[in-house]
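The next block holds one structure in the form of structure tokens; read it before the comments.
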Amino acid sequence: MSNIAVIGTGYVGLSSGACFAHLGHVVTCVDVVQLKIDNLNKGILPIVETGLEELVAEGVAAGKLIFTTDVVSAVKNADVVFLCVPTPEGADGSADLSYIQTAARTLSPLLRSGAIVVNKSTVPVGSTKVVERELKRPDVSVVSNPEFLREGSAIQDFLHPDRVVVGSDNQEAAIAVGALYEKVGAPVVVTDPASAETIKYAANAFLATKISYINAVAAICEGVGADINDVVLGLGYDKRIGHEFLRPGPGWGGSCFPKDTKAMVKIAQDAGYDFGLLKGVITVNDQQYGRIVDKIRTAAGGTLKGKKIASWGLTFKALTDDLRDSPAVEIITRLLADGASVSVFDPTVTVAPKGLDAITVCSSPLEACAGADVIAVLTEWDDFRWVSPVEAAGAVSVKQIVDARNLLDRSEWRRAGFEYQGIGR
Ligand SMILES: NC(=O)c1ccc[n+]([C@@H]2O[C@H](COP(=O)([O-])OP(=O)(O)OC[C@H]3O[C@@H](n4cnc5c(N)ncnc54)[C@H](O)[C@@H]3O)[C@@H](O)[C@H]2O)c1
């Protein structure tokens, strides 16, 4: 079992740290935000993630999971140090590596000889070399080990991954990092750093492509009178295509796809390739936000001015509290700009986030739709499936619903007198 330090205790760092402790390693999670660490030491988690609380409690009780802001104590005895810091979008669309560089410079004088530094953050091709340059420690190896977990199922994804990817020029270091995952029993793809870094961006770009593709097909379905749900069923049974990531919706978002697709376009450009396909995928996604706003406007009678919209959902997907680049946030911002007022219910949101101060945050779906001209389902929380359409009909001002996730049973809503509109059907 290894002694691991994790730098950055966010969605990836905290989930990874808790899972590595569960796998038997001794893990120290470091963050620069004192409050986050103080709360974690009191058992208060900074994020919503299924199964994480239990895993953190288990790791802490076993003395295998430690939270601190003291990077020196965390790193001095570490065999492996994971960088899980942000890599936000830079001014030109490329990934901003400044957090990675700062962390590497901090680590440089602290690492023991023979330690391994791992890029788990999503970083562009060449970043292993960037970290090596910042460390200036020839006695320390740098390895790329991109993370593929999804928010909402992070623990399940980490402990049962489809594969583990390890990229390094140093075979011994690559084997040591692969061995940390021995108990998860997944195939380990050992490769060079550039290939490992490319795999992560290529994977996210491909998944975003699948979603944009099905949203484009959904738009065609609306034009030709086809039903996207049946089309997806028929497509998905084809093993070459599969059902995953073929759900039409309000567009992709979250903390990864928007920045990673743009970064991939920039990586391609720097490599001398114009990635027109991926640019199209991004355009389709931007258009999708507009298509949902148009549907809501039409449902509201052709104008949003003075209309009350009830938004069910605010997070970028269900089972997370993450609002970063959420399609719901983007759509609501456009509704407000067009003169609507918006009441929101989301199971994980209790106060209006920065930039959306004009919304009213409600404590139930029915409260949000009191007096509404249109209900808009923007996040696929299961909670909305169980709302009685009859009770909702009694609460709204006008019986109009736009289901941007194709989540609800449309016959039931129509029976309750609603004009129901989904996506692609
Ligand atoms: N969120 C996801 O679903 C996901 C999935 C796969 C990969 N990734 C990638 O993982 C990386 C991290 O993403 P995230 O969502 O966990 O970010 P996050 O913002 O949730 O967490 C990052 C944490 O790093 C801390 N931090 C910043 N600088 C630090 C430093 N010098 N020392 C210690 N702590 C520091 C921050 O305070 C924050 O708590 C990104 O590159 C992201 O693209 C994210």
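Rule-based calculations on the coordinates, nothing more; no lab input. Quantities reported herein were computed from a predicted structural model and do not represent experimental measurements. All Cβ positions, glycine included, derive from the backbone under ideal geometry; neighbour counts span all protein chains shown.
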For the range 82-131 and the range 291-328, what is the separation of their C-alpha centers, rounded to whole Å? 36
Taking every alpha carbon pair in the range 87-245, what does the distance histogram look like in 10 angstrom bins from 0, in percent? 10, 30, 30, 17, 9, 4, 0
Just to confirm my numbers, what's the Cα centroid distance between the range 4-36 and the range 380-414 in Å? 40
Trypsin sites (Lys or Arg not before Pro) within the range 317-422, DSSP loop, no more than 12 other Cβ atoms inside 10 Å: Lys354
Please report the relative contact order for the range 3-191, taking Cα pairs under 8 Å with a sequence separation of at least 6, and give it as a percent rounded to a whole number. 20
Along the charge dipole of the range 282-347, pointing to its positive end and built from +1/-1 on Cβ of Lys, Arg, Asp and Glu, which listed residue (Thr298, Trp312, Pro347) has its Cα farthest out? Thr298
Given +1 on the Cβ of Lys and Arg, -1 on the Cβ of Asp and Glu, and no further charges, what dipole in debye does the chain carry about its Cα centre, rounded to the nearest 20? 440
Full-extension gain in nm, Glu182 to Arg133, via 0.36 nm per residue minus C-alpha separation: 14.6 nm
Straight-line reach from Lys305: which lysines have Cα under 17 Å away, leaving out those fewer than 8 places along the same chain? Lys295
Test of understanding: ordering Val265, Val344, Val351 by Cβ neighbours within 10 Å, fewest first, what list do you get? Val351, Val265, Val344
Arranged by the count of other C-beta atoms within 10 angstrom, fewest first, what order do Ser411, Ser212, Ser255 take? Ser411, Ser255, Ser212
Using r as the Cβ-Cβ distance of Ser108 and Asp382, and R0 as 35 Å, what FRET efficiency do you calculate, to the nearest 0.05? 0.15
Residue exposure sequence - Ile116, Ile309, Ile241 - by fewest surrounding Cβ within 10 Å: Ile241, Ile116, Ile309
Taking the Cα centre of the range 200-425 as origin, work out the dipole magnitude from +1 charges on Lys and Arg Cβ and -1 charges on Asp and Glu Cβ, in debye rounded to 20. 360
Sequence gap at least 6, Cα distance under 8 Å: using those rules, report the relative contact order of the range 163-248 to the nearest whole percent. 25
Value of D in µm² per second that Stokes-Einstein yields for the range 1-63, Kirkwood Rh from Cα pairs, at 4 °C (1.567 mPa s): 113
What do the square roots of 5 times the Cα gyration tensor eigenvalues come to for the range 200-425, in whole Å, largest first, as semi-axes of the equivalent ellipsoid? 30, 21, 15
Using Cα pairs closer than 8 Å and at least 6 residues apart in sequence, work out the relative contact order for the chain, in percent. 12
Test of understanding: express the Cα radius of gyration of the chain as a ratio to 2.2 N^0.38 Å, with N the residue count. 1.05
